[in-house]
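Reading through the structure tokens given below for one structure.
Bear in mind these aren't lab numbers, they're just calculated from the coordinates by the rules spelled out. These numbers come from a predicted model, not from an experiment. Counting neighbours? That spans all protein chains shown, and the Cβs are built from the backbone with ideal geometry, glycine included.
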Amino acid sequence: LPSLYLRGLSSGDFQEALDSLLGKDASGLSPQAIGRLKAEWQIEHERWRNRDLSARRYVYIWADGVYLQGRMEDEKQCILVIIGTTPEGRKDLVGFQAGFRESAQSWRELLEGLKGRGLSIGPNLAVGDGALGFWKALDASFPGARHQRCWVHKTANVLNKLPKARQKAAKDDLHAIWMADGRAEAEKEKAMDTFAAKYEAKYPQAVTCLTKDRAALLAFYDFPAEHWVHIRTTNPIESVFATVRHRTVRSKGCLSHKTALAMVFKLIMAASKSWRRLKGNNQLPKIIEGVRFRDGIQVPENETNAAA
């Protein structure tokens, strides 16, 4: 019953749909049964929100704000989501809550709530889009975390500042930057400087949109190459919320904020059972230990000592 409801079958349709499968005498198929299930989900969600995090640590986190439209609500509900990877390479739902337009205050409340439940050590790298609220809150709560801007979001933002006739070629040029083998190649040979020279004269806003976040866009080069496919984008969150968006579209948005949060929780918990570990998870303890990487490759110890 939960799976059918979460994947788009309205509660009022259960009786008719399941009668054909289980027979007319089957019980427990009423809309009231679904109502009781939703109440249980809300209790589970509240219990999860108050869990102890003192034994947890996350090497990477992905953060994003996802918008859902609830019934009888004037504004879209922004759900702030954080997914993290443990030192063993497993992905966890770290936290989510309703927020106000991805503001710094909303993100700060979420991050401080995690700290208050025992998450004392911040991530080595955080991946997110250009929403300033998250980065400001992250620096306040976990000041040592590195920033990695999502290349999917950045590509979309840059292309929006170009005419449609130039977008396909520009997208290929942007793809060449974040798929380069190393930082020097990404910055010069293929890359940001070439993009700037090509588009600056006619489309300065597009160039500024790209180059102002140069450092954060290329931070992934200082981490193991096996992890690049994971940390260049916020895809772990986007893929999970494809199912959530499908549910809200099928229900024509008829979800209250409270029900939406409980539903999101159950959907993510269900999806998490099939989440795969990060590639190269044996490299994660090295990041915790402070081992340096250059262009995805571990820097030799003698070179590290010489630099120190």
>> Ranking request for peptides 156-162, 195-201, 215-221: highest mean number of other beta-carbon atoms within 10 Å first, then the rest in descending order.
In response: 215-221, 156-162, 195-201
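Can you order the peptides 48-56, 82-90, 141-149 by their average number of other Cβ atoms within 10 Å per residue, highest first? List each step's numbers first, then the result.
Working: 48-56: 11.7, 82-90: 19.4, 141-149: 17.3.
Descending packing order for the listed peptides: 82-90, 141-149, 48-56.
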> Could you give the nm distance between label points at K115 and R36, where each point is 7 Å from its Cα heading toward the beta carbon?
Replying inline: 4.3
>> Starting from the 7 Å offset along Cα-to-Cβ, what nm value, one decimal, do you get for the label separation of D213 and V152?
In response: 1.4
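For the stretch 140-200, report the translational diffusion coefficient in µm²/s to the nearest whole number, using Stokes-Einstein at 37 °C, 0.692 mPa s, and a Kirkwood Rh over Cα pairs. Write down the numbers at each step before the final one.
On the way: Rh = 12.8 Å.
Taking Rh from Cα pairs, D becomes 257 µm²/s.
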> How many nm separate the modelled label positions at Q298 and D193, each set 7 Å beyond the Cα in the direction of the Cβ?
Replying inline: 3.2
